[in-house]
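> This is the structure I have questions about; it appears just below.
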Amino acid sequence: MTSTQENDILAAGTRAPDFDLPAGPDQRVSLRSLRGRPVILAFYPADFSPVCGDQMALYNESLEEFAEYDAHIVGVSVDGPWCHLAYAKDRKLKFPLASDFEPKGEVSRAYGVYDEKWGTSKRALFVIDAEGIIRWSYLSPIDENPGAHGILGALDEMKEHAA
Amino acid sequence: MKLDQHAPRLAVPVSARDHAQGPADAAVTLVEYGDYECPYCGKAYPVVKAIQQRMGDSLRFVFRNFPINTVHEHAGVAAQAAEAAAAQGKFWEMHDLLYENQDGLAEVDLHQYALKIGLEIYRFDADLSSEIFARRVREDFRGGLRSGVNGTPTFFINAVRYNGEKELDPLLAAVQGAAEEKKE
């Protein structure tokens, strides 16, 4: 695999590129609309991965914890809105899944987490502060659920800084 | 940020609050974060039993709750049933029954298991619907999240997350390895 400069995952300190994507058939989610509170972006390769280790199901279960930081989470993959809808229904997800579908992978590319070979987003996490600055990013091995501890650690650190 | 993503460690140390089998001063402490409805945890259940048998007193096994309620609708209440049994000193009896009967985790089943292991049934039923045990299960879950639990089952060997296969041979080897390390 080649790793060029533009392919590198955006690092802490970078302004998070804005996006405005469909989140289901008749909704949209933009980073701008979430400004003023921390945002967790979870890029992942595809809807419907094996259940027990399912990253999105884990985050769904963690919403209470994220809410304690007033943080919003958005999942992002290249799956279309109808696929996201079916997946969200199946897993009873209560947070938005954005479709980086048209032009395909544009937002994933902007964040440096597009996998050219597979044509999907990589598995990557970003914690963005209320001003829209990336405060933590992490590129996970594609087949490993990165869990929530990195996200919670980053949110903790942001809270300490703010205090 | 100094976050070691590669070897997450147990964020909540094992304490008297935990359900444990084996001596507190055992060379190895194996902590499992599990979900009673998860089939992979069901598969790991006999594996843990076999490891306990092999290791004897050199192993302490601790079980903590990590129910993924989103995909397992009975996981939360099953975890509460185990905690309610613990309040009557019978955590492990309930724990075993739950894993041996993963297809029967509705409240009516839990009630039957409570009777089977001789719990005071009125107290059990009241405990099952009380907030206390739901809160306790949630505490386990939160500690798990902080520790890097990313699915179930997740094991920690002497507080370091085990990332290998959850089959007997590799897990036993890792536990034995930790015991050897302790000796040196």
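> Work out the mean other chain Cβ neighbour count within 10 Å for the residues of B:146-153 and drop it here as an integer.
Average per residue, whole number: 6.
> Does the range A:65-163 come out rounded, prolate or oblate by the C-alpha gyration tensor, with a ≥ b ≥ c the root eigenvalues, rounded set by a/c under 1.5 and, if not, prolate when a/b is larger than b/c and oblate if not?
Cα axes put the range A:65-163 in the prolate bin.
> Counting partner chain Cβ atoms within 10 Å of every residue's Cβ in B:138-145, what's the average?
3
> If you don't mind, another one. If R0 is 25 Å, what FRET efficiency do you get for A:LYS92 and B:GLU131 from their C-beta distance, rounded to 0.05?
Between A:LYS92 and B:GLU131 the formula returns 0.65.
> Top mean-square fluctuation among A:PRO81, A:PRO22, A:PRO103, Gaussian network model of chain A, C-alpha springs under 10 Å?
A:PRO103
> Test of understanding: given chain A, find the longest segment containing no GluC sites (Glu not before Pro) that are in a DSSP loop and have at most 13 other Cβ atoms within 10 Å.
A:1-67
> Another question, if that's okay. Could you state the orientation-averaged shadow area of the convex hull built on the Cα atoms of the range B:19-175, in nm² to one decimal?
8.5
> Using Cα centres only, tell me the gap between the range A:114-163 and the range A:57-110 in whole Å.
14
> Same structure again: Please determine, in degrees from 0 to 90 and to the nearest 10, the orientation of helix B:91-100 with respect to the longest principal axis defined by the Cα atoms of chain B, where the helix direction is its Cα long axis.
90
> Let me ask something else. Partner chain Cβ atoms within 10 Å, averaged over the residues of B:64-73 - can you pull that number for me?
Across the residues of B:64-73, the mean count of other-chain Cβ atoms within 10 Å is 4.
> Mind pulling the angle between the C-alpha long axis of helix B:39-55 and the longest principal axis of chain B? Nearest 10 degrees, somewhere in 0 to 90.
60
> Next up: First check a/c for the range A:1-154, with a ≥ b ≥ c the square roots of the eigenvalues of its C-alpha gyration tensor; if it is under 1.5, answer rounded, and if not, answer prolate when a/b is larger than b/c or oblate otherwise.
rounded
> Based only on Cα atoms, what mean projected area does the convex hull of the protein assembly as shown have, in nm²?
Quarter of the Cα hull surface area: 19.3 nm².
> Which of A:TYR87, A:MET56, A:ALA16 sits closest to the plus end of the dipole of the range A:1-144, meaning its Cα is farthest towards the positive end, when Lys and Arg get +1 and Asp and Glu get -1 on the C-beta?
Selected residue: A:ALA16.
> I've got another one for you. Quote the charge dipole size of the range A:49-162 about the Cα centre in Debye, to the nearest 20; the model charges only the Cβ of Lys and Arg (+1) and of Asp and Glu (-1).
Rounded to the nearest 20 debye, it is 380 debye.
> List the residues whose amide H sits under 5 Å from the amide H of B:GLY148, counting only those 5 or more places along or on another chain, with H placed 1.01 Å from N in the peptide plane.
Under 5 Å from the amide H of B:GLY148: A:ALA148, A:HIS149.
> Ranking A:TYR114, A:TYR69, B:TYR36 by Cβ neighbours within 10 Å, fewest first, what do you get?
Fewest-to-most Cβ neighbours within 10 Å comes out as A:TYR69, A:TYR114, B:TYR36.
> Build a GNM of chain B with springs between Cα atoms under 10 Å: which of B:ALA106, B:ALA84, B:ALA134 gets the top mean-square fluctuation?
B:ALA106
> Across the range B:61-78, in residue order, what do the Karplus-derived ³J(HN,Hα) couplings come to in whole Hz, using 6.51 cos²θ - 1.76 cosθ + 1.60 with θ = phi - 60° and x for Gly and Pro?
Karplus values, whole Hz, x for Gly and Pro: 10, 10, 10, 10, 7, 9, x, 9, 4, 4, 9, 10, 5, 9, 4, x, 5, 5.
> Where does helix B:131-147 land angle-wise versus the long Cα axis of chain B, in degrees 0 to 90, nearest 10?
That works out to roughly 20 degrees.
None of the figures in this text is laboratory data; all of them are computed from the coordinates on show. The structure displayed is predicted, hence computed values, not measured ones. Glycine also receives a Cβ, built like all others from the backbone with ideal geometry; neighbour counts cover every protein chain displayed.
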